[in-house]
Amino acid sequence: MKFIFPQNYDFKNKLLGIIDYSTAIANVVWYAFVFLLVSVLFKNINIKVVVFISLCFPLFLFSFVGFNGEDIVVVFKYMFKFVFKPKLLFYSKRKKF
């Protein structure tokens, strides 16, 4: 069977068909950082679990839900660009006759 894909079709490789590889790598790096930080700072296992879940669960949700199919790494890049160089662009919709 032969499939025809349009030229503007954007094929992205995903881990298990759900999450982009760059997002998965960013998640693993963040989880490892939080795990090391929590294991150094706290002794009680209950506090470790609560802090780890509260710092990692929002990123986990954004990774699966996403921002209209946008990669979370790209979203964070845009957010950091905006924080350091905020610009407001206004376009006028005047018609020229």
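The values are calculated or read from the model by the stated rules, or taken from the named source; none is laboratory data. All values derive from a computational prediction rather than experimental measurement. Here Cβ is always computed from backbone atoms with ideal geometry, including for glycine, and neighbour counts include all displayed protein chains. Only protein heavy atoms, including side chains, enter the accessible area calculation; ligands, DNA and RNA are left aside. Shrake-Rupley method; radii C 1.70, N 1.55, O 1.52, S 1.80 Å.
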Seminar exercise, completed: Within the range 53-71, the count of residues that are surrounded by 10 or more Cβ atoms within 10 Å (Cβ to Cβ) and either touching a strand residue (DSSP E or B) at 6+ places or on another chain (Cβ under 8 Å) or in a loop (DSSP other than H, G, I, E, B) (or both) comes to 4
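Every residue, every condition in (1) modelled with pLDDT of 75 or more; (2) open to solvent by less than 100 Å² (accessible area, probe 1.4 Å); (3) in contact with a Ser or Thr (Cβ under 9 Å, 6 or more places away or on another chain); (4) not in a loop (DSSP other than H, G, I, E, B), yes or no:
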residue	(1), (2), (3), (4)
Lys12	no, yes, no, no
Gly17	no, yes, no, no
Ser22	yes, yes, no, yes
Phe35	yes, no, no, yes
Val51	yes, yes, no, yes
Val74	yes, yes, yes, yes
Pro86	no, yes, no, no
Phe90	no, no, no, no
Lys96	no, no, no, no
Exercise. Given the conditions (1) touching a residue at least 24 places away in the same chain (Cβ under 8 Å); (2) not in a helix (DSSP H, G or I); (3) not hydroxyl-bearing (Ser, Thr, Tyr), and given that Lys43 satisfies all but one, which numbered condition is not satisfied?
Worked result: (1)
